[in-house]
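A short worksheet on the structure shown next.
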Amino acid sequence: MAASKKIFVLGGDGFCGWPTSLHLSSLGHEVTIIDNFSRRRIDAELGVRSLTPIVSMEQRIDAWQDVSGSVLKFHYLDVAEDYAQLVHLLETERPDTIVHFAEQRAAPYSMRGAAEKRYTVGNNVGGTHNVLNALVESDLDCHLVHLGTMGVYGYGGAGFEIPEGYLEVDVTDREGKRHEWEILYPTRPGSVYHMTKSIDQLMFQFYAQNDALRITDLHQGIVWGTQTAETRRHPDLVNRFDYDGEYGTVLNRFLVQAATGHPLTVHGTGGQTRAFINIQDTVRCIALAVDHPPRRGERVKILNQIAETLRVRDLAALVSEVTGARVEYRPNPRKEAAENDLEVSNATFRALGLDPITLHEGLLQETLEISTRFADRVDPDHIPARTAWSREERARLDEPDGKVVPFTRGAPRTDAA
Ligand code: USQ
């Protein structure tokens, strides 16, 4: 095993942060969780709760100590607001690595209205900049591992496999001389949330170049599943599970919908191709990234954290096949391409030994079983996605017939998106 490190996990109470904290601790690292419980607060604001019952941070930490003998430290802190405390913690604790999940991560929530857009930009951009600035101010040679998103690339249409963060371009000047460049892959965010991750990329580029900060940015796809080897060890360690229209991600939503007799809510034609990864691989990838930092002075290391690409309608068909759930094509509340292809390289993680879990029936069963076990905690009012990206989508959502396209096997009609 690689040497034990002192690691801060910012946002360690969230869907990816909690299982990552446990996984890093199980590998022998000394983990400190920093969180302001914003996910729990937004649950209360939206009037929803995690499908799985999650206990307090204190109980979570006690349960982990009971089953593993390892101690997780915790600090309540808002990295976007409590800058002085963040610098103080860095100066006194001097971590080797910071894993940064402390951002508002739901695209639909970021598009709800002015308040949520402003919160998402202020929290995500301000928080990330505070972390970078605090690293410089505390003069710490600490590796920053940030959870970014596949969404910074836009979704496909490139006609080639999307590389890991950088694009080689060939520019011909006025004299006809050709110049070869390597640039950050042009960003094409599709929501305010995704836009903040695009801005993060520029901040990383600047601080790596100006202050030689060592930074890894992980462009992750859509996560599915909920449990990991560590969260399974005690009921109080269970991971949170979002199924609602704001925070629930597509496959987990479909599984809860199937378990509660709700039709599977495919947006538009379901021709959207997206990248996916199981939560168990999320935690493995983070551990691999922690063990393979860039050198000081090196450019930002960008890795695509994905297992495979799939179309939304194919996911629905698979869940329907396994559960018998009905698939319903609904007007798409988002402004996104109705159909797209997407090819993505995940060469670095594969070279580091990741053999990712891909979607198959067996694995759906565990998530389905959890969905069924806690089905009575589901509030059906929170299942539909109601946040429209713009006035145009709002008007379509409000049409009385909803323009639902009936489910047909094979290629569905494409005139309904
Ligand atoms: N979709 C449906 N029906 C639903 C819910 C979603 O058809 O009931 C569709 C959406 O229209 C979209 C696709 O499924 O085309 C994915 O939606 P999602 O909610 O699963 O994922 P997204 O909003 O893109 O965001 C999630 C995470 C975010 C992460 C991102 C990775 O919330 O934190 O960065 O996945 S990626 O999508 O690769 O950018």
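The values are calculated or read from the model by the stated rules, or taken from the named source; none is laboratory data. Note that the structure is predicted; figures quoted are calculated from it, not measured. Heads up, the Cβs are rebuilt from the backbone with ideal geometry, glycines too, and the neighbour counts pull from every protein chain shown.
The lone criterion from (1) at pLDDT 95 or above; (2) β-branched (V, I, T); (3) touching a Ser or Thr at 6+ places or on another chain (Cβ under 8 Å) left unmet by T367 is number (1). Suppose the filter is at pLDDT 95 or above and under 24 Å from D381 (Cα atoms); does Y247 pass it? Criteria met by Y247. Checked against the criterion of being within 11 Å of the ligand (Cβ to nearest atom), in contact (Cβ under 8 Å) with a residue 60 or more places away in the chain and within 26 Å of R214 (Cα to Cα), the candidates Q305, Q272 yield just one match: Q305. Residue count for region 254-311, restricted to those that are small (G, A, S), part of a loop (DSSP other than H, G, I, E, B) and touching a strand residue (DSSP E or B) at 6+ places or on another chain (Cβ under 6 Å): 1.
Scanning region 340-364 for residues that are over 22 Å from the mean Cα position of the chain (by Cα) and in contact (Cβ under 8 Å) with a residue 12 or more places away in the chain gives a single hit, E361. Checking each residue in region 315-356 for being of a type in the set (V, I, T), within 26 Å of I383 (Cβ to Cβ) and away from the ligand (no atom under 12 Å from the Cβ) picks out V322, T323.
The residue pairs whose first member lies in region 150-163 and is more than 17 Å from D217 (Cβ to Cβ), whose second member is not in a loop (DSSP other than H, G, I, E, B), and whose beta carbons are closer than 7 Å, counting only pairs six or more residues apart or on different chains, are Y155/T273; Y155/R274; G156/T273; E161/V344.
Here is a yes/no grid of residues against (1) among the acidic types (D, E); (2) within 30 Å of C142 (Cα to Cα); (3) surrounded by 22 or more Cβ atoms within 10 Å (Cβ to Cβ):
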position: Q280; (1), (2), (3): no, yes, no
position: G297; (1), (2), (3): no, yes, no
position: Q305; (1), (2), (3): no, yes, yes
position: T309; (1), (2), (3): no, no, no
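Quick check on region 250-258. Is at least one of its residues crowded, with 24+ Cβ neighbours inside 10 Å, in contact with a Gly (Cβ under 6 Å, 6 or more places away or on another chain) and closer than 19 Å to L147 by Cβ? Taking every residue of region 250-258 in turn, none turns out to be crowded, with 24+ Cβ neighbours inside 10 Å, in contact with a Gly (Cβ under 6 Å, 6 or more places away or on another chain) and closer than 19 Å to L147 by Cβ.
Limited to region 103-156, what total is found for residues that are more than 13 Å from the ligand (Cβ to nearest atom) and touching a helix residue (DSSP H, G or I) at 6+ places or on another chain (Cβ under 8 Å)? Going through region 103-156 one residue at a time, the tally reaches 21. Can you tell me which residue within region 114-158, out of those that are acidic (D, E) and part of a helix (DSSP H, G or I), is surrounded by the most Cβ atoms within 10 Å (Cβ to Cβ)? The extreme case among them is E116. When V67, V79 are checked against the criterion of being farther than 21 Å from L140 by Cα and touching a residue at least 40 places away in the same chain (Cβ under 8 Å), V67 stands alone in meeting it.
How many residues, within region 234-269, are hydroxyl-bearing (S, T, Y) and more than 13 Å from the ligand (Cβ to nearest atom)? So the answer is 1. Note on region 339-386: among residues that are small (G, A, S) and farther than 23 Å from Y109 by Cβ, the one that is surrounded by the most Cβ atoms within 10 Å (Cβ to Cβ) is S345.
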